[in-house]
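What follows draws every value from the coordinates through simple rules; no lab data is involved. Owing to the predicted nature of the structure, the values given are computational and were not obtained by experimental measurement. Heads up, the Cβs are rebuilt from the backbone with ideal geometry, glycines too, and the neighbour counts pull from every protein chain shown.
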Amino acid sequence: MKEILEILKEAGSEIVPFRWEDDAFYLLDQRKLPWKETWLLCKTWEDTFSGIKDMAVRGAPAIGITAAFGMVLGAREVEKKGEDAFSELLSIAKSLKEARPTAVNLKWAVDRVLGALKGVFAEGLYERALKEALSIWKEDCRANILMGRYGGKLLPQEGGVLTHCNAGALATGGYGTALGVIRGGISLGKKIKVFSDETRPWLQGSRLTCWELLRDGISVTLNVDSASGLLMKRGLIQAAVVGADRIASNGDVANKIGTYNVAVLCKENGIPFYVAAPSSTFDKDASSGDEIPIEERDEREVLYFSEKNMAPQGVKAYNPVFDITPSRLITAIITEKGVLEPPYEKAISSKIFGTSH
Ligand code: MRU
């Protein structure tokens, strides 16, 4: 943990969504931001499961790392029991993977810890799981910083950059993907004016993106989601950069609902649309966006705001929380392995999966 914080400090952002301290895992409760900074102690793997499902922690890489620590807590429990440890770990892994369906990083991180535990004797499970979870966290931070370096170069020397949802330090191990690219551009001395879509209905853009950018001294202007077209038309936006929850092998991207709208508007207005994501967000098993499951959440998230109904009683709401942006709308995908450009199928298979197409 100390080494991770040092890496982040050197990169210029010390914000983290979780902590591992004195053999305990804590989540920064993002539902309470920007009002309060509350740290939730996760005593069991079930606590990490609820933290992910109920959105105390969110963002694809962050929920993956949280689930990896869920495996650590699970390993600590089963280690005490001794017998049949691995089959119990398999069942914990299965449950953790079901916490949220769209972000593939969740499955990736859980499987990685599970893989590291294969053949480990019961008494060594906890220590081995912890080593792997900390490695996943550290690698994610390093990947984000690299993406910041590659992606920062793509941003305009001066001008407006629009982002959607929160793909920042709070959504990752630290530094962020899309916000990492913005941080990277700023550290190159670029004069970037950040615009943040507020991102209905959870307001990740307003509550979280604005909170973390201001905390790092980066100024940001908030706009309602539906203002982005006008901002583009008025020449206020020179690039858009977003994160991803899952990228299919043809380059289609699942990300927060409304991302597709931004991409279409960018196309219409001749503005580059970038996606930033680590290789753990790519799904070899999904050949296109059609194969990516889209999470649908409770209609109350749309109908109510802070316990107050915002629609007449009796009306129904439909609440898909991610959408698919077809690869043809994406100018480039920024990864820690380099910047991918169309044709994506070829670039992804060679640079990400390491296979020839
Ligand atoms: O529902 P959320 O808040 O988990 O959705 C988060 C996003 O859509 C992010 O853009 C995505 O996970 C990338 S985070 C680096």
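Odds and ends about this structure:
- Within a Gaussian network of the chain (alpha carbon springs, distance under 10 Å), most fluctuating of Gly12, Gly151, Gly51: Gly12
- Only beta bridges with both residues in the chain are counted; by DSSP, about 50 percent of them are antiparallel.
- Cα-based shape type of the range 17-113, given that a ≥ b ≥ c are square roots of the gyration tensor eigenvalues and the cut on a/c is 1.5: oblate
- Folded to 0 to 90 degrees: helix 60-81 orientation relative to the chain principal axis, Cα: 10
- On Cα atoms only, tilt of 125-154 relative to the major axis of the chain in degrees: 10
- In a simple Cβ point-charge model (Lys, Arg +1; Asp, Glu -1; nothing else charged), the range 175-246 has a dipole of about 240 debye relative to its Cα centre.
- When shorter helices are ignored and each DSSP H run of at least 4 residues is given -39500 (n - 2.57), the per-residue value for the chain at 222 nm works out to -12000 deg cm²/dmol.
- One decimal place: the segment Phe305-Glu14 gains 101.7 nm when fully extended, by the rule 0.36 nm per residue minus the C-alpha distance.
- Taking a quarter of the surface of the Cα convex hull of the chain gives a mean projected area of 18.0 nm².
- In degrees, nearest ten, helix 2-11 long axis to first principal axis of the chain (Cα): 10
- Reported value for the range 149-352: 120 Å³ per residue, from the convex hull of its C-alpha atoms.
- R0 of 45 Å, Cβ-Cβ distance Leu90-Leu5: FRET efficiency to nearest 0.05: 0.85
- Put the Cα centre of the range 233-260 next to the Cα centre of the range 100-164 and the gap is 20 Å.
- Amide proton proximity set for Leu222, modelled H, under 5 Å, gap of 5+: Ser196
- The chymotrypsin sites (Phe, Trp or Tyr not before Pro) found in the range 229-318 that occupy coil by DSSP, while having at most 15 further C-beta atoms within 10 Å, are Tyr318.
- Between Asn166, Val181, Trp35, the Cα set farthest toward the positive side of the dipole of the chain (charges on each charged residue's Cβ, about the Cα centre) is that of Val181.
- Loop-resident chymotrypsin sites (Phe, Trp or Tyr not before Pro) (DSSP state other than H, G, I, E or B) in the range 91-171 with no more than 15 further Cβ atoms inside 10 Å of their Cβ: Phe121.
- Relative contact order for the chain: 15 percent, from Cα pairs under 8 Å spaced at least 6 residues apart, divided by residue count.
- Taking Ser279, Ser219, Ser206 in turn, the Gaussian network model of the chain (Cα-Cα springs below 10 Å) assigns the largest fluctuation to Ser219.
- Residues whose amide H lies under 5 Å from that of Glu295, counting only those 5 or more places away or on a different chain, are Thr102, Val321, Phe322; hydrogens are built 1.01 Å from N in the peptide plane.
- Taking the Cα centre of the chain as reference, the dipole from Cβ charges on Lys and Arg (+1) and Asp and Glu (-1) amounts to some 1020 debye.
- Size of charge dipole - the range 188-288 - debye, nearest 20, with Cβ of Lys, Arg +1 and Asp, Glu -1, no other charges: 380
- The HN-Hα couplings worked out from phi for the range 305-319 by the Karplus form 6.51 cos²θ - 1.76 cosθ + 1.60 (θ = phi - 60°) are 10, 6, 6, 9, 6, 10, 9, x, 3, x, 6, 9, 10, 10, 10 Hz, whole numbers, x standing for Gly and Pro.
- Along its three principal directions, the equivalent ellipsoid of the range 79-222 from the Cα gyration tensor extends over semi-axes of 38, 17, 11 Å, largest first.
- Qualifying trypsin sites (Lys or Arg not before Pro) in the range 258-300, where qualification requires a DSSP coil assignment and no more than 13 other C-beta atoms within 10 Å, comprise Lys284.
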